[in-house]
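Novice: Please see the structure below; I have some questions.
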Amino acid sequence: MTNTPKYFMYFPGNYRWSAAFVNMLGRAAYGGADISELHKIGRALAGKAAEDDEAWFDACVSVGDEVRGHAERFAASGHAASAAAFYLRACHYYQMGERFRTPKDKTALDAYRTAVDCFHRFAALADVKIEIVEVPFEDKSLPGYFVHAQNRRSARAPCVVFFDGLDVTKEIQYLAGVPDLIKRGISVLVMDGPGTGEAIRFRGLVLRHDYEKAGSACIDFLEKRDDVDSNKIGVVAISLGGYYAPRCAALEPRFAACIAWGAGHHIMWILGAATLEDALKRLEPFKLDGIVQKMRCPFLVVHGEDDEQIPLSDAQALYDACGSNDKTLRVFTSDEGGAQHCQRDYLTLGCATMWNWFEDKLLRA
C-alpha cells in the first residue's frame with residue numbers, strides 16, 4: 001500500500017508545485033484566488049515536468065493577464081468593486097508565477113512590476129483603506145502598505161508589523177489573513193523587508209542577519225503616526241520570518257507581542273552571494289540562540305506537525321529558548337488541519353488562531 005499524502009496534491013510527486021497550488025487555494029478565503037482561474041493554471045501544466053518552472057511561470061502569467069483584462073474592463077465601465085477583486089487576484093497569479101522564475105531576468109521583473117501595479121490599483125478601488133508607504137531605512141527606504149484598522153475602538157489603534165519570508169512578498173502577505181486581522185480593530189503594516197519583494201528586486205537590499213534594524217525602522221515610522229497606539233505594536237513574520245520576528249522582538253523592546261509563523265529556516269540571490277559557498281558563509285550569523293533568550297514580550301510560535309520544510313524540533317527549540325514568561329507553542333495536527341508548512345492546508349484556522357492571540361495581547365491585555 002502506497003503512502004497517501006496528508007494533504008491535497010494537485011501535482012502528485014511534485015512537492016513544490018503542489019505546495020504553491022495549495023498556497024493559492026488557501027488565499028481564496030481572503031480574495032486571492034478563484035477556483036476556475038486556478039484550474040486553468042492546472043490544466044495548462046498537466047503533464048509538464050516538475051523542473052519546468054518556465055511552464056509554471058507562463059501558465060500563471062497567462063491567467064494573470066486574463067484576470068487583469070477583466071479588471072481593466074470593469075474599471076473602465078465604472079464598476080470599482082468588481083475591478084478591485086480582479087486586480088487583487090491578478091497580482092497574486094503574477095507573483096506566484098514569478099517566484100519560481102530564477103534568475104530574475106527582465107521577463108520576471110516585468111511580470112513583478114505588473115503585479116505591484118495591480119495591487120496598487122486594487123488599493124485605490126477597494127473598500128479597505130490601504131496606504132502605499134515608504135519606511136525610512138538607513139540611506140534608503142523599505143516599501144510597505146499601511147492597512148487601516150476597521151471597527152477601531154479608539155483614535156489610536158494597535159498595529160502589527162507583518163514581515164515576509166524567504167520568497168513571500170507584501171502583496172502575498174496581504175492575502176495571508178490581513179483582511180481578517182483589521183476587522184478586529186488592529187492596523188497592519190505589511191512590509192517587504194531586506195531580501196524580499198521590491199526591496200531585493202528593485203532596490204538591491206539583500207537579506208541580512210540583523211533584521212531588528214528593519215523592525216526598529218518600522219516602529220520609528222509608526223510612532224510618528226497619530227492613528228497608532230505606539231505601546232501596542234506587535235510583529236509577525238511567515239516561514240523564514242520565524243527568524244525575523246523573534247529577532248526583532250528580542251532586540252527591539254518596543255514590540256509588545258510577537259508571533260513566529262513557522263520556526264527558523266535555511267539561497268544565494270536574496271543574500272547577494274555569488275556562490276553557494278559564499279551563501280553558506282553569509283548564513284552563519286543567522287542564529288537565534290543567544291538572542292531569543294532576551295525576549296520579554298508575549299510570544300507565540302505556530303507550527304504544523306507535518307511541516308516538510310522546517311522540523312517540529314526547531315519550533316520546540318525556539319519555544320524552549322525564548323526568555324519571555326508569557327510564551328505559547330501551538331502545533332497544528334493533521335487531523336484538525338493546518339499541519340503543513342505555515343498552515344497552508346488550513347490557512348483560515350491558522351490565521352484565526354494567531355489573530356485571536358493578537359486580539360488578546362494587544363486589545364485586551
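Novice: Using all C-alpha to C-alpha distances in region 125-206, build P(r) with 5 Å bins and read off the rounded percent in each one.
Specialist: All Cα pairs considered, the percentages come to 3, 16, 25, 23, 16, 11, 5, 1.
Novice: Rounded, prolate or oblate for region 99-148? Axes are the square roots of the Cα gyration tensor eigenvalues, ordered a ≥ b ≥ c, and the cut-off for rounded is a/c under 1.5.
Specialist: oblate
Novice: Please go through the residue pairs K104/K294; K170/K327; K140/K361 and name each one whose alpha carbons sit more than 31 Å apart in this structure.
Specialist: K104/K294; K140/K361
Novice: Show me the trypsin sites (Lys or Arg not before Pro) within region 297-365 that DSSP assigns to loop and that have at most 15 other Cβ atoms within 10 Å of their Cβ.
Specialist: Answer in residue order: R364.
Novice: Once label points are set 7 Å from the Cα along Cα→Cβ at both S230 and R203, what is their separation, rounded to one decimal in nm?
Specialist: 2.2 nm
Novice: Something else now. Given a cut-off of 16 Å, what percent of all Cα-Cα pairs of region 40-80 lie beyond it?
Specialist: Across region 40-80, Cα pairs with separations above 16 Å total 45 percent.
Novice: Kindly identify region 11-126 as rounded, prolate or oblate by the Cα gyration tensor criterion: order the square roots of the eigenvalues as a ≥ b ≥ c, call it rounded if a/c is under 1.5, otherwise compare a/b with b/c, prolate if a/b is larger, else oblate.
Specialist: Working: a/c = 2.20, a/b = 1.61, b/c = 1.36.
Here region 11-126 falls in the prolate category.
Novice: Could you calculate the contour length gain from S141 to E72, that is, 0.36 nm times the residue separation minus the distance between their Cα atoms, to one decimal place in nm?
Specialist: On the way: separation 69, 0.36 × 69 = 24.84 nm, distance 3.05 nm.
Working it through step by step, the gained length comes to 21.8 nm.
Novice: To the nearest 0.05, how large is the calculated FRET efficiency for E336 and V133 if R₀ is 45 Å and r is the Cβ-Cβ distance?
Specialist: The value I calculate is 0.75.
Novice: Just checking the chain: which Cys have no other cysteine's beta-carbon under 4.7 Å?
Specialist: C60, C159, C218, C248, C258, C297, C322, C342, C351
Novice: What's the center-to-center distance, using Cα atoms, between region 104-156 and region 171-210 in Å?
Specialist: That distance is 9 Å.
Novice: For region 36-77, state which GluC sites (Glu not before Pro) are in a DSSP loop and have at most 15 other beta carbons lying within 10 Å of their beta carbon.
Specialist: In loop regions of region 36-77 (DSSP not H, G, I, E or B), the sparsely surrounded GluC sites (Glu not before Pro) are E51.
Novice: Continuing with the same structure: Taking loop as defined by DSSP and a crowding limit of 13 other beta carbons within 10 Å, which GluC sites (Glu not before Pro) in region 84-139 fit? Don't skip to the answer; put the middle values down first.
Specialist: Details: sites: E98, E131, E134, E138; in loops: E138.
When the GluC sites (Glu not before Pro) of region 84-139 are filtered for loop state and at most 13 Cβ neighbours within 10 Å, E138 remain.
Novice: Once you have a ≥ b ≥ c as the square roots of the Cα gyration tensor eigenvalues for the chain, tell me rounded if a/c is under 1.5, and otherwise prolate or oblate according to whether a/b is larger than b/c.
Specialist: rounded
Novice: On full extension of the chain, what length is gained from A46 through H120, given 0.36 nm per residue of separation minus the C-alpha to C-alpha distance?
Specialist: Using 0.36 nm per residue and subtracting the Cα-Cα distance, I get 23.4 nm.
The numbers here are math on the coordinates, done by the rules we state, and not lab data. Values in this document were obtained by computation on a predicted structure and should not be read as measured data. Every residue, glycine among them, receives a Cβ derived from its backbone with ideal geometry; neighbour counts consider all protein chains shown.
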